[in-house]
1. May I ask you to list the residues in region 157-170 that are more than 17 Å from VAL140 (Cα to Cα) and surrounded by 17 or more Cβ atoms within 10 Å (Cβ to Cβ)?
2. Contact list please: Cβ distance under 6 Å, first residue in region 72-87 and on the phi < 0 side of the Ramachandran plot and touching a residue at least 40 places away in the same chain (Cβ under 8 Å), second residue part of a helix (DSSP H, G or I) and open to solvent by 70 Å² or more (accessible area, probe 1.4 Å), pairs at least six apart or on different chains.
3. For region 120-135, check the following and say yes or no: at least one residue is in a strand (DSSP E or B) and more than 50 Å from the chain's Cα centre (by Cα).
4. Looking for whichever is in contact (Cβ under 8 Å) with a residue 12 or more places away in the chain, open to solvent by 70 Å² or more (accessible area, probe 1.4 Å), of a type in the set (Asp, Glu) and more than 30 Å from LEU212 (Cβ to Cβ) here; the options are GLU69, GLU104. Which one fits?
5. What number of residues in region 171-205 are open to solvent by 30 Å² or more (accessible area, probe 1.4 Å), touching a residue at least 12 places away in the same chain (Cβ under 8 Å) and either outside any strand (DSSP E or B) or over 15 Å from PHE149 (Cα atoms) (or both)?
6. Inside region 158-212, can you point out the residues that are farther than 22 Å from GLU121 by Cα, within 42 Å of the chain's Cα centre (by Cα) and of a type in the set (D, E, K, R)?
7. Can you give me the number of residues within region 131-156 that are open to solvent by less than 30 Å² (accessible area, probe 1.4 Å) and either among the basic types (Lys, Arg) or at pLDDT below 90 (or both)?
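The values are calculated or read from the model by the stated rules, or taken from the named source; none is laboratory data. This one's a predicted model, so the numbers in the text were calculated from it and none came from an experiment. Ideal geometry is used to build each Cβ from the backbone, glycine not excepted, and the neighbour counts take in all protein chains shown. Areas reflect the complete protein model, heavy atoms only, side chains present, ligands, DNA and RNA absent. Shrake-Rupley method; radii C 1.70, N 1.55, O 1.52, S 1.80 Å.
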Amino acid sequence: MNITQILLGSTAAMLLAALILSYSAMRDGEVEDGYRQTAKELMDENSRLQAELERLRGAAPTAAPTPAEKPDSMTAAELDALKKENKRLQEEKIAAEEKRKQAEAETLAMNERSVGQRDKEARRARLIANAMVMAQVTEVPEDNGVIPFVVINVKHTNVRVGTRLAIRRNTGIVGEVIVTRIDDEAQIADPLPNPVGKIDIKVGDELIVAPL
């Protein structure tokens, strides 16, 4: 083998090594650039998720997140950390959405119960207002502020001794009495204890059968 062949072989080897190194550097650059691009996308996504989380938690609205700049460098470890942060934020967002849905469902149920209660109260008020007058209070004797009995005027034949009647005033019921005497001399009813306070009976109050 002469000198020329040796030099040509050495030159070829050097060129091949340079080509391999150049290709390796190019691949490394492409990989790092891919890391940087993925990192930028993750940073943008994480900012969006963070803003969404704050909205779901009731924070005041803020301006849309500013797009992130592609980082100058990015290692596989740093990229992995961004991926973990993205996963955490997504899990928190899902949990916040579920919590908000549950709160909305509970609020809706409470509103429906409230509406149902108002409807029930309105229906009861109509029943009270439309109930037939069974008797009417004509006298309210008092003994040191205590009403031992009231004199009534029975207006319906279904009223008997022992009949329990509600005291109607406007569309409400303010108490109850029980009929204790019906004869030619007097028609009497005794007030029943009022669980919400003082017995309140006035002349002119109407006595009805309380609706269920």
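1. First pass over region 157-170, keeping only residues more than 17 Å from VAL140 (Cα to Cα): 157-164, 170.
Hits for region 157-170 are VAL159, THR163.
2. Matching pairs, first to second residue: MET74/TYR35; LEU79/TYR35.
3. The first filter runs over region 120-135 and keeps only residues in a strand (DSSP E or B), leaving 135.
Within this subset, residues satisfying the condition of being more than 50 Å from the chain's Cα centre (by Cα) are none.
Checked against the condition, which is being in a strand (DSSP E or B) and more than 50 Å from the chain's Cα centre (by Cα), region 120-135 yields no hits at all.
4. Details: GLU104 fails: in contact (Cβ under 8 Å) with a residue 12 or more places away in the chain.
Answer to the selection: GLU69.
5. Initially, region 171-205 is screened for residues open to solvent by 30 Å² or more (accessible area, probe 1.4 Å), giving 171, 173-174, 176, 178, 180-185, 187, 190, 192-200, 202-204.
Next cut, touching a residue at least 12 places away in the same chain (Cβ under 8 Å) only: 171, 173-174, 176, 178, 180-182, 187, 190, 192, 194, 199-200, 202-204.
Checking the rest, the ones that are also either outside any strand (DSSP E or B) or over 15 Å from PHE149 (Cα atoms) (or both) come to 171, 173-174, 192, 194, 199-200, 202-204.
Count: 10.
6. LYS198
7. Residues flagged as open to solvent by less than 30 Å² (accessible area, probe 1.4 Å) and either among the basic types (Lys, Arg) or at pLDDT below 90 (or both) within region 131-156 amount to 1.
Yes/no matrix, rows are residues, columns are (1) surrounded by 10 or more Cβ atoms within 10 Å (Cβ to Cβ); (2) of a type in the set (A, V, I, L, M); (3) modelled with pLDDT of 80 or more:
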{"site": "ILE6", "(1), (2), (3)": "yes, yes, no"}
{"site": "THR11", "(1), (2), (3)": "yes, no, no"}
{"site": "ALA17", "(1), (2), (3)": "yes, yes, no"}
{"site": "SER22", "(1), (2), (3)": "yes, no, no"}
{"site": "GLU32", "(1), (2), (3)": "yes, no, no"}
{"site": "ARG55", "(1), (2), (3)": "yes, no, yes"}
{"site": "ALA64", "(1), (2), (3)": "no, yes, no"}
{"site": "ASP80", "(1), (2), (3)": "yes, no, yes"}
